[in-house]
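One structure is given here, and the rest of the page talks about it.
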Amino acid sequence: MDGQLLASTFVELTDTMVADFDVIDFLHVLTYRSVQLLDVTVADLNAEAQRWPRFTAAAQQAGFAAVQALPMRLRDQVIGALNLFRATPGAFDPANVRVGQALADVATISLLQERSMRHSDTLNEQLQAALNSRVIIEQAKGKLAERLGIDMTQAFSTLRGYARSRNLRLADLAQAFIDGTEPLIGQIAPRSPGDR
């Protein structure tokens, strides 16, 4: 096995974790480098034809005689497998299987990291949207309280009651009230904090 190619492969795979992660590019690099580095792929698919009849037939039809599936997992979380195919039957070199598993492990960490970053970005966007909505609602409460001569708690209850009675999102109603596209005044009676 080419040690320099192996080292550069790990560097290339970990580089994808730092900037503008592209899953397709990452999987392409993983696949390409696995083919270059590993002579793996069940030693003889014919021996497993009864165990996996449909898979064996499809693999053989595609020209493969051996396969090695390496789990992509981190602790209890399994996200898939790195499946390596070979056109000729035969036993796998244990060193190649270990390198293949190391590649699968790096791939797993990279994909889970990307998923975590995407989840974090989504959560941040949701929190920012909630904060923005809250600011708009507070502005609408203040405007309504001033116009109707009521306190902020009554203004909130009034806005909420109006939104519910018309099946509107509270933030959308608040924005429309601030923009002047939903006048509210004259259409509502102030609600007390206990009103639901």
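The values are calculated or read from the model by the stated rules, or taken from the named source; none is laboratory data. What you see is a predicted model, and the numbers here were worked out from it, not measured in a lab. FYI the Cβ positions are ideal-geometry reconstructions off the backbone, even for glycines, and counts take in every protein chain you see. The protein model used for the area step is the full one, side chains on, heavy atoms only, and it has no ligands, DNA or RNA in it. Shrake-Rupley method; radii C 1.70, N 1.55, O 1.52, S 1.80 Å.
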If I ask for residues that are surrounded by 17 or more Cβ atoms within 10 Å (Cβ to Cβ) and over 34 Å from the mean Cα position of the chain (by Cα), which ones from region 128-142 would you list?
Ala140, Lys141
So is Thr16 buried (at least 18 other Cβ atoms within 10 Å of the Cβ), modelled with pLDDT of 70 or more, more than 14 Å from Phe85 (Cα to Cα) and touching a helix residue (DSSP H, G or I) at 6+ places or on another chain (Cβ under 8 Å) or not?
no
Kindly indicate whether any position in region 154-164 is assigned to a helix (DSSP H, G or I), open to solvent by 80 Å² or more (accessible area, probe 1.4 Å) and farther than 24 Å from Ile185 by Cβ.
no
Positions within region 61-77 being over 25 Å from Asn46 (Cβ atoms) and out of contact with any strand residue (DSSP E or B) (no Cβ under 6 Å at 6 or more places or on another chain), in sequence order:
Arg73, Leu74, Arg75, Asp76, Gln77
If a residue has to be loosely packed, with under 12 Cβ neighbours inside 10 Å and modelled with pLDDT of 90 or more to count, how many in region 168-196 make the cut?
1
Only one of Ile137, Ile150 is outside any helix (DSSP H, G or I) and β-branched (Val, Ile, Thr); which?
Ile150
Only unsatisfied item for Ala57, checking (1) closer than 27 Å to Leu6 by Cα; (2) modelled with pLDDT of 75 or more; (3) not polar (S, T, N, Q), is (1)
Would you mind telling me which numbered condition in (1) under 19 Å from Leu30 (Cβ atoms); (2) out of contact with any Lys or Arg (no Cβ under 7 Å at 6 or more places or on another chain) Thr108 fails?
(2)
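Residue by residue, here is whether (1) closer than 30 Å to Gln113 by Cβ; (2) out of contact with any Asp or Glu (no Cβ under 9 Å at 6 or more places or on another chain) holds:
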| site | (1), (2) |
| --- | --- |
| Thr41 | yes, yes |
| Asp44 | no, yes |
| Ala47 | no, yes |
| Gln77 | yes, yes |
| Phe92 | yes, no |
Which residues, counting only those in region 87-108, are of a type in the set (Val, Ile, Thr) and more than 18 Å from Leu37 (Cβ to Cβ)?
none
Hey, among the residues in region 23-42 that are among the polar types (S, T, N, Q) and open to solvent by less than 70 Å² (accessible area, probe 1.4 Å), which one's modelled with the highest pLDDT?
Thr41
Going by the structure shown, is Asn96 surrounded by fewer than 16 Cβ atoms within 10 Å (Cβ to Cβ) and either modelled with pLDDT of 80 or more or part of a helix (DSSP H, G or I) (or both)?
no
For region 46-88, which residues satisfy the criterion of being surrounded by fewer than 11 Cβ atoms within 10 Å (Cβ to Cβ), at positive phi and within 22 Å of the chain's Cα centre (by Cα)?
Arg75
Residue count, region 99-121, condition modelled with pLDDT under 80 and either open to solvent by 60 Å² or more (accessible area, probe 1.4 Å) or not in a helix (DSSP H, G or I) (or both), comes to 7
